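**Student:** Here it is, the structure in full.
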Amino acid sequence: MCLFCEIAAGTIPSKKAYEDETVVAFYDIAPQAPVHVLIIPRKHIESAQVLTETENALLCHMFEVARSLAVELGVAESGYRLITNVGPDAGQSVPHLHLHLIGGKTLNWNN
Ligand code: 5GP
Ligand code: ZN
C-alpha cells in the first residue's frame, strides 16, 4: 500500500480535516502556508496523468470537498490555491493523486 492509501485506511495516522466514502482530506505534515490540506481519493490513482472518464464524479467531488474546506478553514474569501503535482519535475513525492489546498497568506508562484 502507498503512503496515502495507508493514511486513507487509517493505518498511518494523520490529522483529518474531512472524510467520506470516497475522499479523505488531512493536514499536510510540512505546511507551506497557514492553511495546507491534502485532498485525496480513497482509490489509488497515481496522478492526474492517468485520470479517465471513470473518475469524472470522483474528481468533481474532490473539488467540492476543497470548496467546502476553504469555507470551513476561512480562506474562501481571501483566496487559496489548489495544486496537483505530476511527476518528478513538478516534485510529486507521493504517487497517489492529491490536491494541495493552500492559503491563509499571499501566495507567490514559487510556493
Ligand atoms: P507532493 O510533493 O507529492 O505534491 O505532495 C506530498 C505532500 O505530502 C507533501 O506536501 C508532504 O509534506 C506531505 N506528506 C508526506 N508524507 C506525509 C505524511 O506522512 N503525513 C502527512 N500528513 N503529510 C505528508
Ligand atoms: Zn495509494
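The values are calculated or read from the model by the stated rules, or taken from the named source; none is laboratory data. What you see is a predicted model; the values in this text were computed from it and never measured. Cβ sites come from the backbone with ideal geometry, for glycine too, and all protein chains shown count toward neighbours. Each accessible area value is taken on the protein alone, full model and side chains, heavy atoms only, with ligands, DNA and RNA left out. Shrake-Rupley method; radii C 1.70, N 1.55, O 1.52, S 1.80 Å.
**Student:** With θ set to phi - 60° and the Karplus curve 6.51 cos²θ - 1.76 cosθ + 1.60, what are the ³J(HN,Hα) couplings of the range 48-61 in order, to the nearest whole Hz, using x for Gly and Pro?
**Tutor:** Couplings: 4, 5, 10, 5, 10, 4, 4, 9, 3, 5, 4, 5, 4, 5 Hz.
**Student:** Separate question: Quick check for me: using +1 on Lys/Arg Cβ and -1 on Asp/Glu Cβ, what's the dipole size of the chain about its Cα centre, in debye to the nearest 20?
**Tutor:** Using Cβ point charges on Lys, Arg, Asp and Glu, the chain gives about 300 debye.
**Student:** I've got another one for you. 5 Å is the cut-off here: which amide hydrogens, built 1.01 Å from N in the peptide plane, fall below it relative to Ala17, excluding neighbours closer than 5 in sequence?
**Tutor:** Residues meeting the criterion, in which the H sits 1.01 Å from N, are Ala25, Phe26, Tyr27.
**Student:** Are there GluC sites (Glu not before Pro) in the range 1-84 that DSSP marks as loop and that have at most 13 other Cβ atoms within 10 Å, and which are they?
**Tutor:** Glu21, Glu77
**Student:** Still on this structure: What FRET efficiency would be calculated for the residue pair Ser78, Arg42, taking the C-beta separation as r and a Förster radius of 25 Å, to the nearest 0.05?
**Tutor:** 0.25
**Student:** Just the accessible area per residue of the chain, please: how many Å² with a 1.4 Å probe?
**Tutor:** Accessible area per residue, the chain: 59 Å².
**Student:** Counting alpha carbon pairs within less than 8 Å and at least 6 residues apart, what relative contact order, in whole percent, applies to the range 1-49?
**Tutor:** Rounded, it is 30 percent for the range 1-49.
**Student:** Shifting gears a bit: Which three extents, in whole angstrom, do the alpha-carbon atoms of the chain cover along their principal axes, largest first?
**Tutor:** Sorted from largest, the Cα extents of the chain read 34, 31, 29 Å.
**Student:** So, one more: For the range 10-111, state which trypsin sites (Lys or Arg not before Pro) are in a DSSP loop and have at most 12 other beta carbons lying within 10 Å of their beta carbon.
**Tutor:** Answer by residue number: Lys15.
**Student:** Another question about this same structure. Given a Förster distance of 41 angstrom, what is the FRET efficiency for Ala9 paired with Trp109, based on the Cβ-Cβ distance and rounded to 0.05?
**Tutor:** 0.75
**Student:** Place a +1 charge on the Cβ of each Lys and Arg in the range 1-65 and a -1 charge on the Cβ of each Asp and Glu, then give the dipole magnitude about the Cα centre in debye, rounded to the nearest 20.
**Tutor:** Approximately 220 debye in magnitude.
**Student:** Please arrange Ser47, Ser68 by accessible surface area, largest first, computed with a 1.4 Å probe and ligands excluded.
**Tutor:** Ser68, Ser47
**Student:** So what's the back-of-envelope 222 nm ellipticity for the chain, counting only DSSP H runs of four-plus at -39500 (n - 2.57) apiece and dividing by all residues, rounded to 500?
**Tutor:** -6500 deg cm²/dmol
**Student:** If you average the sequence gap of Cα pairs under 8 Å that are 6 or more apart and divide by the length of the chain, what percent do you get for the contact order?
**Tutor:** 31
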